[in-house]
1. Give me the percent of DSSP beta bridges within the chain that run antiparallel, rounded to the nearest 5.
2. Which of the three applies to segment 145-290, rounded, prolate or oblate, going by the alpha-carbon gyration tensor with a ≥ b ≥ c and a/c under 1.5 meaning rounded?
3. 7 Å from Cα along Cα→Cβ at both Met1 and Lys344: what's the point-to-point distance in nm?
4. Show which aspartates and glutamates lie in cross-link reach of Lys159 when reach means a straight Cα distance below 14 angstrom and same-chain residues fewer than eight apart are skipped.
5. If packing is taken as the average number of other Cβ atoms within 10 Å across a peptide's residues, how do 57-69, 274-286 rank, most packed first?
6. Give the Rg (one decimal place) followed by the Dmax (whole number) of segment 1-89, computed from C-alpha coordinates and expressed in Å.
7. List, in order, the whole-Hz ³J(HN,Hα) value for each residue of segment 203-220 obtained from phi through the Karplus relation with A = 6.51, B = -1.76, C = 1.60 and θ = phi - 60°; use x for Gly and Pro.
8. Figure the gain on full extension for Trp188 and Thr227 (residue separation times 0.36 nm, minus the Cα-Cα span) and round it to one decimal in nm.
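Values in this text are rule-based calculations from the coordinates and carry no lab data. What you see is a predicted model; the values in this text were computed from it and never measured. All Cβ positions, even for glycine, are placed from backbone atoms using ideal geometry, and neighbour counts span all protein chains on display.
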Amino acid sequence: MTFTYEAYPQDRVHFGKSVRETLGDEVERLGAKRVFIATSKTLRQNTGALSLIATTLGAKCVAIFDDIAEHAKLDGVLLATKAARETKADLLVGIGGGSVIDGLKVVQLALTENAHTPEALIALAGRRHTKPAAIRQIAIPTTLSGAETTPFGGGTDTKRGKLGFAGLSLVPQVIIYDPALGALTAEWLWLSSAIRGVDHCCEGYIAKNANPLTDIALTRALAMFATSLRHTKKIPGDPFARIDSQVAAYLACANSSRSGTGASHGIGYILGGRYGVHHGHSSCVMLPHVLRWNEPATAARQRELSAAIGNPNVALADAVAALIAELALPQRLRDVGIKEENLKPIAEEAARHPTVLSNPRPITGPGDIMEILNAAW
């Protein structure tokens, strides 16, 4: 076997470290003087974490921005770009879930390419940029979606849906995984974003570009998720289970971004971009059914994942569904607000989506997608 494992330009990843103890040192190491923080409204308004973090930076914190909405809607991304430009920021810090961190990747690209309008920003989507980013990001994730691990970011346009933005130097330069900060995240969001991580493990492992390095990471991550998520559900305050989940999230997304994904992810982009379904919930309702549909083409690989998740004698789709049920997460498309009349337009759009078309069992048209959607509905 010959393959290439692409290295991303990421300096450091801190696991189990306190943000208050780590962020200031990283800002100093990077020589930053004007730090622009982006976060969610929930984290800013409902906790004291942002005030404490800003206090540790002192005068170096030039702004705290909380208008990047879920799915990184491009109107909020443009506002963040304008604010970062006006404050002359020299470092971005994303504190929150995947939407905030992905949104800042798009901000990086907009600042690098001097994009000021929605049209200019949209023109940057759909291709891989090679120019070094004019500004970098420190990511402090509070969920388990894994956006912090990759050089790929998503942004949502009201007309075009979810758009992809890519460039090696868009990967966050530093990641800080603080289990105490993660404990502030609502239980449903923490656990469902972890199923997004399980989705990375499963689709990444059966993807066309999987290789021995990604295999090792993805099976280990799946095993860690299976144990740590159940433990967090029973004992939410245990920091060690949360650290294990954060390690698993890193391994899962960093490696599936190299090996590829498939129909669960691709349909999920449409569910999120068009219908506002949270990414974690889209994985909850789609992954078992996509795995079941893919089984004829990936049976041997799926058996290996069944062993990794701790159920070697159970079909992978059933083992994943059982984990989702045990965590009390949504299991059907109707549970997340998708109506039966939505299925056909979703299928038609999904059948053209490049991520869906990379599925290991070939998707031949909307009929294949409808088969999966009907099973999930």
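1. 20
2. rounded
3. My value for the distance between the label points is 4.4 nm.
4. Asp75, Glu119, Glu349
5. Details: 57-69: 17.5, 274-286: 24.5.
Result, highest mean first: 274-286, 57-69.
6. 15.9, 53
7. Going residue by residue, I get 6, x, 6, 9, 6, 5, 9, 4, 9, x, 6, 5, 4, 4, 5, 6, 5, 5 Hz, with x marking Gly and Pro.
8. Once the chain is fully extended between Trp188 and Thr227, it gains 12.3 nm.
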